[in-house]
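Read through the structure below, which is laid out as structure tokens, and then see the notes.
The values are calculated or read from the model by the stated rules, or taken from the named source; none is laboratory data. The structure presented is a predicted model; accordingly, all values stated were derived computationally and were not measured. Neighbour counts are summed over all protein chains in view; Cβ atoms, including those assigned to glycine, are modelled from backbone coordinates with ideal geometry. These accessible areas exclude ligands, DNA and RNA; they are computed on the full protein's heavy atoms, side chains included. Shrake-Rupley method; radii C 1.70, N 1.55, O 1.52, S 1.80 Å.
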Amino acid sequence: MTFDLLASLRPASMSVPESGIVRLVNHGRTKEGLIPLWVGEGDMPTPAFISKAAHQSLEAGETFYTAQRGIPELREALADYHTRHFGRPFSSEEMFVVGSGMQALQIAVNMTAGDGDEVVIPSPAWPNMAAAVQIAGGTPVFCPMSLSNDGWSLDLDRLFGMVTEKTRALFINTPSNPTGWVAEQSDLEQILNFARQKGIWIIADEIYSRFYYGTARRAPSFHDIRKPGDQILFVNSFSKNWAMTGWRIGWMVADPSLGQVIENLVQYSTSGVPVFNQRGAVAALNEGEALAEQQIERAEAGRAIVDEAMALCPSARFVAPKGAFYGFISLDEVDDIEAIAFRLVDEANVGLAPGTAFGPGGETSLRLCFLRDADQLREGCRRLVQWLNSR
């Protein structure tokens with residue numbers, strides 16, 4: 001007797017595809033000597049001062065259930081961090097600790113969209129956002145971005161034109177993964193004014209705000225222009241700035257009036273973030289500014305290495321990104337970018353994520369993470385350019 005268990009599952013749970021990034025990583029994970037530039041993390045382990053704080057918490061027996069919005073010390077540290085970097089006062093009541101940036105996105109989606117609703121997403125985009133919308137029963141609507149000699153750009157008229165009566169939210173990730181696009185403040189003002197007029201939400205993913213290669217210390221932010229009552233949910237993570245990808249801890253910034261809703265959604269999903277993880281996060285915020293600056297400097301150096309290398313590859317189109325820490329490299333004459341990514345693993349021993357993993361607009365591109373050791377990155381770029389020039 002055979003059973004078709006999949007047929008009885010909720011359709012929305014079946015609507016999301018396997019991650020193209022994870023599929024490639026699973027293929028090449030154990031390949032000896034491979035240089036992994038495929039996922040969105042650096043190669044620096046979490047520094048000892050952060051791990052020590054978590055270890056001390058464990059030794060102190062902080063292994064019980066905790067406050068669903070986050071421990072007071074971490075929420076206060078988050079408020080202080082935002083006050084320092086955005087030059088305006090923030091309250092701990094606006095801060096909500098969650099189990100990763102991904103959970104922050106899921107909560108934001110569950111608060112704003114569901115069955116029959118649409119969320120407009122500039123694309124190429126981090127695929128987890130579209131998946132979160134689909135799992136919630138909604139429909140992601142992709143707004144194509146464009147690549148020119150100045151890099152990737154978003155046509156705001158096109159973005160606004162994709163909004164319908166079914167649209168519940170705009171997802172704005174700036175600086176962007178994977179393209180490195182950065183919204184100017186004038187762009188953010190237009191987007192926010194449009195959202196106000198339409199009564200729709202903005203889900204603002206500003207995880208890469210510090211990784212900005214302009215003259216300022218950070219990218220422009222909705223925090224710079226928002227007013228009380230604006231329908232904005234901010235999602236963020238400890239993963240990138242402080243080398244904590246495996247810790248799975250993030251946060252949301254939202255109006256305090258939404259606090260009970262966020263608390264409920266945390267309670268009925270993960271029931272809070274382990275206290276020892278939160279103690280590590282407090283150390284990251286209070287003692288980790290030099291670490292964050294080091295991460296940004298490494299990324300900027302890596303960006304230059306990739307820019308120099310790709311100039312040696314006539315079949316590739318690359319514009320150094322304005323933000324984040326990815327090179328999104330467009331190739332000429334591509335039939336199957338995923339097949340190319342697999343061949344790079346097998347034949348060049350270097351891993352880059354296929355652009356198809358990032359939705360419409362990525363069909364001819366590869367994403368390369370350049371937050372890496374400089375020597376390893378140079379070798380990875382050498383292998384990549386040599387393979388592309390010989391194909």
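So, of the residues in segment 111-168 that are hydroxyl-bearing (S, T, Y) and open to solvent by less than 20 Å² (accessible area, probe 1.4 Å), which turns out to be farthest from the chain's Cα centre (by Cα)? Give the derivation first.
Initially, segment 111-168 is screened for residues hydroxyl-bearing (S, T, Y), giving 112, 123, 139, 146, 148, 153, 164, 167.
With open to solvent by less than 20 Å² (accessible area, probe 1.4 Å) added as a condition, the list becomes 112, 123, 167.
Values: T112: 19, S123: 13, T167: 22 Å.
That would be T167.
If we keep just the residues of segment 363-378 that are of a type outside the set (G, A, S) and open to solvent by 10 Å² or more (accessible area, probe 1.4 Å), which is farthest from M145 (Cα to Cα)?
Going residue by residue through segment 363-378, those that are of a type outside the set (G, A, S) are 363-364, 366-373, 375-378.
In the following step, the residues that additionally are open to solvent by 10 Å² or more (accessible area, probe 1.4 Å) were identified as 363-364, 372-373, 375-376, 378.
Values: E363: 13, T364: 14, R372: 27, D373: 30, D375: 33, Q376: 31, R378: 29 Å.
Looking at the filtered set, the residue picked out is D375.
The strands (runs of 3 or more DSSP E) found wholly in segment 142-229 and carrying at least 2 residues that are modelled with pLDDT of 95 or more occupy 151-153, 167-173, 201-205.
Looking at E287, E293, E297, E308, which is the one that is touching a Phe, Trp or Tyr at 6+ places or on another chain (Cβ under 6 Å), of a type in the set (D, E) and open to solvent by 20 Å² or more (accessible area, probe 1.4 Å)? Reasoning before the result, please.
Numbers: E293 fails: touching a Phe, Trp or Tyr at 6+ places or on another chain (Cβ under 6 Å); E297 fails: touching a Phe, Trp or Tyr at 6+ places or on another chain (Cβ under 6 Å); E308 fails: touching a Phe, Trp or Tyr at 6+ places or on another chain (Cβ under 6 Å).
From the options E287, E293, E297, E308, the qualifying one is E287.
So which of P360, P354 is under 22 Å from V22 (Cα atoms), out of contact with any Cys (no Cβ under 7 Å at 6 or more places or on another chain) and surrounded by fewer than 20 Cβ atoms within 10 Å (Cβ to Cβ)? Result of the check over P360, P354: P360. When segment 215-259 is filtered for residues that are surrounded by fewer than 16 Cβ atoms within 10 Å (Cβ to Cβ) and not hydrophobic (A, V, I, L, M, F, W, C), the ones remaining, listed by number, are T215, R217, D224, K227, P228, G229, D230, G246, D255, P256, S257.
Scanning segment 185-198 for residues that are open to solvent by 40 Å² or more (accessible area, probe 1.4 Å) and out of contact with any helix residue (DSSP H, G or I) (no Cβ under 7 Å at 6 or more places or on another chain), we see that the one that is farthest from A113 (Cα to Cα) is S186. Tallying residues that are farther than 19 Å from D255 by Cβ, β-branched (V, I, T) and open to solvent by 30 Å² or more (accessible area, probe 1.4 Å) within segment 70-87 yields 0. Scanning segment 112-131 for residues that are part of a helix (DSSP H, G or I) and out of contact with any Asp or Glu (no Cβ under 8 Å at 6 or more places or on another chain) gives T112, P127, N128, A130, A131. Tell me which residues, restricted to segment 232-252, are in a strand (DSSP E or B) and either out of contact with any helix residue (DSSP H, G or I) (no Cβ under 6 Å at 6 or more places or on another chain) or within 21 Å of R279 (Cβ to Cβ) (or both). Scanning segment 232-252 gives F234, N236, S237, G250, W251, M252.
No other residue among G288, G355, G280, G302 is touching a strand residue (DSSP E or B) at 6+ places or on another chain (Cβ under 7 Å) and among the small types (G, A, S) apart from G355.
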